[in-house]
1. Compute, for the chain, the length of the dipole vector about the Cα centre, with Cβ point charges of +1 (Lys, Arg) and -1 (Asp, Glu) only. Units Debye, rounded to 20.
2. Using only the alpha-carbon atoms, how far is helix 186-197 inclined from the longest principal axis of the chain? Give it as 0 to 90 degrees, nearest 10.
3. Could you tally the net charge around ARG120, taking each other residue with its Cβ under 11 Å from the Cβ of ARG120, Lys/Arg +1 and Asp/Glu -1?
4. Could you give the angle, 0 to 90 degrees to the nearest 10, between helix 349-361's Cα long axis and the longest principal axis of the Cα atoms of the chain?
5. For segment 104-245, what is the percent of antiparallel DSSP beta bridges, rounded to the nearest 5?
6. Where in the chain lies the longest segment free of chymotrypsin sites (Phe, Trp or Tyr not before Pro) that are both loop residues by DSSP (not H, G, I, E, B) and have at most 14 other Cβ atoms within 10 Å?
7. Of the options ASN308, MET320, ILE428, report the single residue whose Cα projects farthest towards the positive end of the charge dipole of segment 304-432 (beta-carbon charges: Lys, Arg +1; Asp, Glu -1).
8. Need one number: nm distance between label points at THR360 and GLU28, each 7 Å from Cα along Cα→Cβ, rounded to one decimal.
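Derivation of every value follows stated rules applied to the coordinates shown; laboratory data play no part. The model shown is predicted, which means the values in this text are computed figures rather than measured ones. We place every Cβ from the backbone using ideal geometry, glycine too, and count neighbours over all the protein chains shown.
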Amino acid sequence: MLKVAKFGGSSVAGTEQFRKVKAIIEAESARRVVVVSAAGKRDAGDHKLTDLLYLCHAHLNYGVSCDEIMQTIEQRFAEIRASLGLHFDVEGEMEKLRARLNRDTSVDELVSRGEYFTARLMAEYLGYAFIDAADCVFFGYDGQIDREKSDRAIAAALEKHKRIVIPGFYGRLPTGKIKVMSRGGSDITGALAAAAVGADVYENWTDVSGILMADPRIVPEPRPIAKITYAELRELAYMGASVMHEESIQPVKEKGIALNIRNTNRPEDPGTMIVGGTEERGDDDRFITGIAGKRNFTIITVSKQNMNANLTLCQALEIMDRFHAPVEHITLGLDSFALVSSSAAMGDALFDILADLRKTCRPDDIRVQDDIALVAAVGRKMSSRPGISGRLFKALGDSGVNIRTIAQGADELAITVGVDNRDFETAIRVLYDGFAG
Ligand code: ASP
């Protein structure tokens, strides 16, 4: 068994968190590859080191001294080193970095130092080999990660050292320069490493006990999802749930490696397991994996007697596309169809869209309803089970929620309803209380 464990910023924020990480690593010898973010906030008033480093760079840019910020950063690392009895020469390395700082210092190189220092300290603390991401995560000239080259280097490092720590978030360009990924990019490094070494599980350690079944701002203390497929996760993410970014899980998803989201502060919690595969029929009442939704959509209903649906719909979609208005759902009737799109995405273009629809589709009538919210119940266990949608609609109806549109994909992975914005929270609560809680 081989596990790659990635620890986010809050999991490595200070001495206490470093201790928790060590206990987690020592609890399972399979955790042989560790990826870390830069130390994050220890409490609400604290700062993420990455933010401080970006701030430093802004100071340099404007020719303002960043000595104080550099001092804060150095202290933070020196404190961790001292309280854990480590030896890494924080001051010496910081001095070398300071000597290189000037207006031309690349922002990527500077901010990457948050992960670099955190990983140096973590490697020493765990007794693992430190492998610099500059030597094992490579970008091509196109700025994309060179998967083959990176895979080879990461696998070779593990082969040689058996237990390794890699800093997340950055890698090296063919020019030799350091490049950072988008914010939160250590997740990508973790997934990359898991795919490279063929891990059985990619553990992503955070400060929550997994993905929640619904938004906790709407449903009080929702249960974490025990198991979810990559396909379900995609549906939830698309519908606005704050879950891991798709790009960041691509390498593990591709290889069918399970991703386990865990809580560093509650390692006894099993967290959420994200797995490949889809087929799974449920016999219990919990056929919903998660609920998510987004507000502020507009429904445009086009009616035309005896219309040629294919042609008219095609024309309408072409118009929406021209105005960059993403169509979320389409409902088709005999003599009408309705397009649901984000009100913000359409913006003022709505009036041009309507004018073009009138001109091109020549409808008998066009109606516009805005302030619509979309709410999706996502669940692989809904597939091939009769009666599910009826039960969902009945529960919503019984609670006075008027359903404006209904959409279910042929894969039966999600049932999405359009409701009035003002019913948004009620709809989510009703679905959660009735079928997920
Ligand atoms: N430290 C970087 C950030 O704050 C990357 C990461 O945490 O994954 O975005």
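1. 580 debye
2. Tilt relative to the chain: about 80 degrees.
3. Working: positive: ARG81, ARG113; negative: ASP89, GLU93, GLU115, GLU124, ASP132.
With Lys, Arg at +1 and Asp, Glu at -1, the neighbours total -3.
4. Helix 349-361 sits at roughly 40 degrees to that axis.
5. Numbers: 5 of 8 bridges.
That works out to approximately 60 percent antiparallel.
6. Numbers: sites that count: TYR62, TYR141.
Longest stretch, sites excluded: 142-437.
7. Ranked along the dipole, the leading option is ILE428.
8. Result for the modelled spin labels: 5.2 nm.
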